[in-house]
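*Asks:* Following this message is one structure expressed as structure tokens.
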Amino acid sequence: MNELQAVLNLISSALLGDLTSFLSPRLVIAKDDTASTDGRTWIRLPEEFLGIRLGDTRSMQVFIGLLAHEVGHWLQPLKAITAVEKKTGLNHDILNIVLDVHLEHLVPILFPLFAAPLEAVRAVVRDAHKSDYEKGYKEASDFLQAADAALLFGRFCIDTEASFSVPYGLIQRKVTRNRKIDENRMTDLVERVGSVVNTSCARLPGYFERLAHDFPEVCQPTVSFGIRNPLDSLKSGGDEMDVVRNLLEDLKVGTDRASATVIEERPIGRNPASAETLALSRQLQKRWDVARTSGVIMAPGRLNRLSAVRGDPMPFTMPAPISGKQAPQTKIVLVVDWSGSMGVNENTPWKAALQAAQAIALAIRSTGGNVRAAIFADQLWHAPDFSAELLFATSLSSISLVEARGDDTDFSWLPHIWQAFPAHRVVLLTDGNGYPPKAILPSGRMRTSAVLLQVRKNLPQNVAQIEATIQSFASSFVHVDNLRELAAAWALLIPRRMQ
């Protein structure tokens, strides 16, 4: 329960930012059949889901998936959708399946670490009900019942890595008892449902109005089915989460380009910091040094020569500890562009970038801070736990750290970093334009900064475009034209005290 509440608090903080102080949904564990939410103030999770009890060995992944699923409903304008449901008579079971397809596509874009838990939930449902959905389609007496079974089969039983897969195979078996069911019509419906992932949250009510207009066969509000959707327990929501939806109003949740892959590898070899890097680190250290003491007190410690000359009976002193709250720890994720353009000329920007990152990592470590690191190009690579030891290695498995060789530049890994390190500031270095994330939460953007390396020098015609891309996901950035200024520029973007 405590772990799940912590996950919910993390999500609430990421979505709502400062608003969590007065708008903080609560988690309830209840003797229900499934998870549910009102879309605004609470999420209810069952004590048991399809034979898996909360507290069992594999339960945490499944229950986090249920929690993530319900959070997805916060992003949808449930009140407006309920009004469309009443206006059109769209069957609630069908509507709920479509909402689930949409949200389970959206949630991993915002929170990549929830992709696996959502997949775990779909796998559990598949194992429990696949035969029921096949039987339900075979024995359907009309189009609506067949549609319900086909949509559930596409939700859970084809590819659990996706929120929905069009069940062409099931439809083409021609096994329905009612031979009057139009298979082409059924194919059109399931394809339309699959396309909901290309619809923004704000446009969902219009999507449902068009669905009801084009498929009046599914507008039978009082019909219920014998087959079961274990996630069908949506309550009507209010307006409080409109603030979240407004922030994501223009979010396009369906694009042809997939998010950048995040790959964990083990660092190999040693690339120790040079004497020059160590000297630079000592200079940078002053930025994050925090006085840990205030004044001195008489106590066994260091000899105070002035006191000894005066003949004081206790000529020894030691630092007096600070009373009250200690300064917050500096927490940073350093991310370095590994694309091939970082190593194409004699000035070797990659070498300079790596040395600067080493200097910053050593400086922050020496002042008690927490530093993580990664490299990126068309993908993101990191050591276990995003260890900064990556910066002092010669390779990351098969990835050489001696020179930069990446094919492209892609920033769509950022939501993964934001979720994995919710209390860290993310500071990245890049020398060119790249693909932005599909979804950008304001809370993540506020703690992200970037160094633009020699962009004005090498890509003068693209400066405005590159700055616009960076500003979409970073709250601040600086240009660096001289490699010798690189470490100082990075340090400038890292606050003296992390809040």
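*Asks:* Stretch T394-Q471 to full length: gain in nm at 0.36 nm per residue minus the Cα-Cα span?
*Replies:* Roughly 24.5 nm would be gained on extension.
*Asks:* Could you tell me the accessible area of D407 in Å² (1.4 Å probe, neighbours in place), rounded to the nearest ten?
*Replies:* Roll a 1.4 Å probe over it and D407 shows about 140 Å².
*Asks:* Could I ask something else about it? Accessible area per residue of region 365-458 at 1.4 Å probe, in Å²?
*Replies:* Here the per-residue accessible area is 31 Å².
*Asks:* May I ask you to rank H105, H424 by accessible area, largest first, using a 1.4 Å probe over the protein chains only?
*Replies:* H105, H424
*Asks:* So, taking all protein chains as they sit and a 1.4 Å probe, how much accessible area belongs to I81, in Å² rounded to tens?
*Replies:* 0
*Asks:* Here is a further query. Which value, in Å² and to the nearest 10, is the accessible area of D289 when all protein chains are kept and the probe is 1.4 Å?
*Replies:* Here the residue's solvent-accessible area equals roughly 80 Å².
*Asks:* Another question, then. What ranking of K31, K438 comes out by heavy-atom accessible area, probe 1.4 Å, highest first?
*Replies:* K31, K438
*Asks:* Could you tell me what percent of the accessible area of region 161-222 is made up of carbon and sulfur, with a 1.4 Å probe and every protein chain present?
*Replies:* Within region 161-222, the accessible surface is 44 percent carbon and sulfur.
*Asks:* Here is a follow-up. Work out the FRET efficiency for S131 and T348 from their Cβ-Cβ distance, taking R0 = 51 Å, and round it to the nearest 0.05.
*Replies:* It comes to 0.25.
*Asks:* Can you tell me the length gained on complete extension of the stretch T57 to V478, counting 0.36 nm per residue apart and subtracting the Cα distance?
*Replies:* 146.8 nm
*Asks:* Could you check how much of the accessible area of region 26-142 is carbon and sulfur, as a whole percent, using a 1.4 Å probe?
*Replies:* 48
*Asks:* Whole number in Å², please: accessible area per residue of region 114-173, 1.4 Å probe, ligands, DNA and RNA not counted.
*Replies:* Each residue of region 114-173 exposes 36 Å² on average to a 1.4 Å probe.
*Asks:* Kindly flag which residue pairs out of K31/K138; K31/K79; K87/K135; K286/K438 have an alpha-carbon separation exceeding 30 Å in this structure.
*Replies:* Check vs 30 Å cut-off fails for K31/K138; K87/K135; K286/K438.
*Asks:* By how many nm would the segment from D142 to R270 lengthen if fully extended, with 0.36 nm per residue of separation less the alpha-carbon distance?
*Replies:* 39.3 nm
The values are calculated or read from the model by the stated rules, or taken from the named source; none is laboratory data. What you see is a predicted model, and the numbers here were worked out from it, not measured in a lab. Please note: Cβ atoms are built from the backbone with ideal geometry, for glycine as well, and neighbour counts cover all protein chains shown. SASA here: full protein model, heavy atoms, side chains in, ligands and nucleic acids out. Shrake-Rupley method; radii C 1.70, N 1.55, O 1.52, S 1.80 Å.
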